[in-house]
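Every number in this text was worked out from the coordinates using simple rules, so none of it is lab data. Worth saying up front: this structure is predicted, and the values here are computed from it rather than measured. Reconstructed Cβ throughout: ideal geometry from the backbone, glycine too, with neighbour counts over all protein chains shown.
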Amino acid sequence: MGWKDKALKILKERFGNNSFHAVEAVDLLEQEADYKPGTTYRLLKDLVDSDKLMRIGYGIYNIGAPKEKGMWMRMTSPSLALSMEGARGLLLDRGVEFMITGPPVLVRYMHSLPRRMIHLIYTLKGSGEYVAEVLGAGYEVLVNPSEEEVNVALSISERDLVVVREFSNLSGGKDGVASIERALVDLYFESTRRRIPFPVAEAGRIIFSALRNAKIDLAKLNKSASRRGIDGELRALIKAAGIHVPDTMTKNVKMNGYVESVLSTLGRGV
């Protein structure tokens, strides 16, 4: 087996049918095969040229994807948990305005995957029941539930749960999937406000991991947080994470019980 086939095998074992970013391939092949970054980037180009890999976006690849880019971009999102691709496809087919956000967009930053996932879908006000009807055959769906209702559903079913919330603003997403900035804001809000039973400690770890490892647009993050009235809280977490930002973003931090609960579980302070 040649070195390129060996590398392709490693990529297949790690990513399967999921799309991945070039930087993820660089990290993986450096750990598994001691490849230099330049070697991996050249490898990715060679695999694309030989039709063993498909480039579906800037720095985004998939193994064995359909060759028609438009078709593939409709079928999959590079940042979305594979288990939600079916839901996304169904809703796109029906022309529903929706946005998958929170946990399923942030899977790669989770410290450990839960036994059962809570998937979060925001849709426009008045269309929640229709979304539940569309997804009902393949998913366990609750519309605008309380945390208690979510806990009850988790206790009586073995399937992952889709929480649909009607929302007035679906900005910050594309093709039915939230940006990482919007997903972080929604995860923080849903977790700290006890709307879904997602551990605050895990939400904090995801936020800190994303802040330090992902390409986060802090202006976009702040704008999304401002729409939910938690921009001061997110600024406090950014400051605690030691991220260098303009002084104007760290002056108006808001320390409250929600922020303190996140920081205390992580053993941090500001």
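Annotations for the structure displayed:
- Qualifying lysines (Cα of each under 19 Å from Cα of residue 174; at least 8 residues distant if same chain): 69, 125, 215, 220, 223
- Proportion of all alpha-carbon pairs of segment 177-220 beyond 14 Å (%): 46
- Cut-off under 5 Å, modelled amide H: who pairs with residue 167 long-range: 123, 124, 125
- Three-way shape call for segment 121-198 based on the alpha-carbon gyration tensor, with the a/c threshold at 1.5: oblate
- Ranking of 244, 119, 21, 111 by neighbouring Cβ atoms within 10 Å, starting from the fewest: 244, 111, 21, 119.
- Ratio of Rg to Rh over the chain (Cα coordinates, Kirkwood Rh, two decimals): 0.98
- Value at 222 nm in deg cm²/dmol, rounded to 500, when DSSP H runs of n ≥ 4 in the chain each add -39,500 (n - 2.57): -15000 deg cm²/dmol
- Each Lys or Arg adds one and each Asp or Glu takes one away; over the other residues whose Cβ falls under 12 Å from the Cβ of residue 116, this sums to -1.
- For segment 138-166 and segment 82-124, distance of Cα centres in Å: 13
- Overall form of segment 142-270 per C-alpha gyration tensor (a/c, 1.5; a/b vs b/c): prolate
- Helix runs (DSSP H) in the chain reaching 15 Å along axis by Cα, Kyte-Doolittle at least 0.5: 200-213
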